[in-house]
Structures are given as structure tokens and as C-alpha cells.
1. Residue B:39 versus residue A:20, label points 7 Å from Cα toward the beta carbon: distance in nm?
2. Provide a list, ordered by number, of residues in region B:78-114 showing at least 50 Å² less accessible area with every protein chain present than when their chain is taken on its own, using a 1.4 Å probe.
3. If N is the number of residues in chain A, what value comes out of its Cα radius of gyration divided by 2.2 N^0.38 Å?
4. So if I take the centroid of the Cα atoms in region B:50-78 and the same for region B:86-114, what is the distance between those two points in Å?
5. Starting from one equal scatterer on each C-alpha and no solvent at all, send me the Debye-based log10 I(q)/I(0) for the protein assembly as shown at q = 0.13, 0.15, 0.16 Å⁻¹, two decimals.
6. Summing both sides, how much accessible area is buried between A and B? Use a 1.4 Å probe and give Å² to the nearest 100.
7. Express the C-alpha Rg of region A:37-97 as a ratio against the empirical globular expectation 2.2 N^0.38 Å, rounded to two decimals.
8. Can you count the Lys pairs in chain A with C-alpha separation below 19 Å, eight or more apart or on different chains?
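The values are calculated or read from the model by the stated rules, or taken from the named source; none is laboratory data. Small disclaimer: the values here were computed from a predicted structure and weren't measured. Note that each Cβ is placed from the backbone with ideal geometry, even for glycine, and that neighbours are counted across all protein chains shown. These area figures cover heavy atoms from the full protein model, side chains too; ligands, DNA and RNA do not enter into them. Shrake-Rupley method; radii C 1.70, N 1.55, O 1.52, S 1.80 Å.
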Amino acid sequence: KQEVTQIPAALSVPEGENLVLNCSFTDSAIYNLQWFRQDPGKGLTSLLLIQSSQREQTSGRLNASLDKSSGRSTLYIAASQPGDSATYLCAVLDDKIIFGKGTRLHILP
Amino acid sequence: GAVVSQHPSWVICKSGTSVKIECRSLDFQATTMFWYRQFPKQSLMLMATSNEGSKATYEQGVEKDKFLINHASLTLSTLTVTSAHPEDSSFYICSAKAVATEAFFGQGTRLTVV
């Protein structure tokens with residue numbers, strides 16, 4: 001059974017810092033991995049999608065990497081801003097989509 | 001990216017009544033749809049997976065008679081919460097995907113049962 005774990009559960013950093021969010025999964029037979037952000041009480045915003053054949057994806061200040069063999073992905077956020085404050089969710093797709101519990105990120109002005 | 005429309009975005013109902021939530025893929029044919037629920041400050045929990053034209057597969061612990069899922073067409077799936085009770089109050093999100101594509105998510109439905 002696929003399990004997705006995100007570390008840390010919560011993170012507070014000063015504005016401007018670079019940070020890394022971690023995601024691990026137990027079954028490496030995935031089709032893709034996706035990072036989302038969720039603002040309080042809102043739906044999901046897709047940030048980056050990495051296909052199983054890819055190693056990383058970049059969008060603006062965001063970079064996500066995928067190491068299938070070790071069952072790990074990281075989301076790197078450069079030059080963090082207060083607007084980045086949200087919950088970040090990692091999800092893997094094999095025959096279904098399984099989410100981690102998320103990392104609550106708070107950027108301190 | 002593709003668009004998934006979920007309706008309603010919020011609903012308040014009386015205890016004992018049933019509520020239907022719709023999930024539509026607007027510009028693609030969704031062969032598979034997923035339904036999730038999310039309690040406050042918790043992650044999304046998969047409730048069931050439905051493939052067009054077949055019965056939904058429910059996750060362990062999810063009552064299929066309480067959460068009726070219908071995926072009658074390639075663009076529409078519905079989740080009906082039957083005989084809703086306050087403990088069913090939650091945020092429900094659907095997701096839709098075509099074969100060999102990424103999944104796209106609706107914006108969610110906040111259900112409050114009073």
C-alpha cells in the first residue's frame with residue numbers, strides 16, 4: 001500500500017530565505033508526482049508535475065526533484081515571500097492519487 | 001491546463017437530508033475520477049475511485065451506501081451524501097484524469113450539516 005510522508009509538518013522561516021520541503025513515498029512504481037499548494041479553506045493549486053521519467057521540473061522560484069529509486073521528492077522554494085505561506089501537498093499517482101499530510105509553511109515578513 | 005468544475009462550492013443542509021455534489025471535466029474526457037474529503041487542518045483522504053461506466057471502488061472505512069458515487073459519463077461524476085449528519089461536515093474535492101494524463105482537481109465543496 002502506497003504511503004506518502006511529508007517532512008516537516010510545519011515550517012516557519014524569515015522572508016527571503018531559500019527552503020526545501022521533503023516528500024517520500026513507499027512504492028516507487030508511480031506514474032508521476034505532483035506538488036500542490038492549498039490556502040486555508042481553499043482548493044488545490046497545482047504547482048509542479050513530474051513524470052516518472054523526469055528528474056526535475058522548474059517553475060519560477062520553484063524547483064521540484066524526483067528520485068524514484070529512493071522514493072523521494074523535494075520542493076525547493078527560492079527567495080521565499082510572505083505570499084508563499086500556505087500548506088504544500090505532495091501527491092503520487094500510481095493506480096490512484098495518494099496525498100501526503102502536507103507541510104504548513106509560514107513565511108515571516 | 002484542463003478544467004474540472006465542482007458544484008456547489010459550498011452547501012448547508014439539515015441533518016437527515018441528502019446532498020449531491022457534481023464534478024465535471026469541461027474540456028476533456030475523464031476516464032477516472034477520484035473523490036476526497038478533508039477535515040480541518042488535515043490532508044486529503046481518498047474516499048473512492050470511479051471509472052466511467054463501472055462501480056466505484058471505495059477505500060477501506062468509507063461507507064458506500066452513505067457516499068453514493070455515480071460516474072455515468074466521461075465528463076460527469078456525482079457524489080451524494082445520503083442522510084447527512086454533522087460528522088459528515090467536511091471539505092470534499094474531486095479529481096479527474098484521462099488515460100495516461102495528470103489529474104486535475106476541482107475547487108472543492110464545503111459541506112456543513114446542521
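1. In this crude label model, residue B:39 to residue A:20 measures out at 3.3 nm.
2. B:102, B:105
3. Cα Rg divided by the expected 2.2 N^0.38 Å: 1.01.
4. 12
5. -0.75, -0.98, -1.10
6. Counting protein atoms only, the buried area is about 1400 Å².
7. Numbers: Rg = 12.5 Å, N = 61, 2.2 N^0.38 = 10.5 Å.
Relative to the 2.2 N^0.38 Å estimate, region A:37-97 comes out at 1.19.
8. Here the count comes out as 5.
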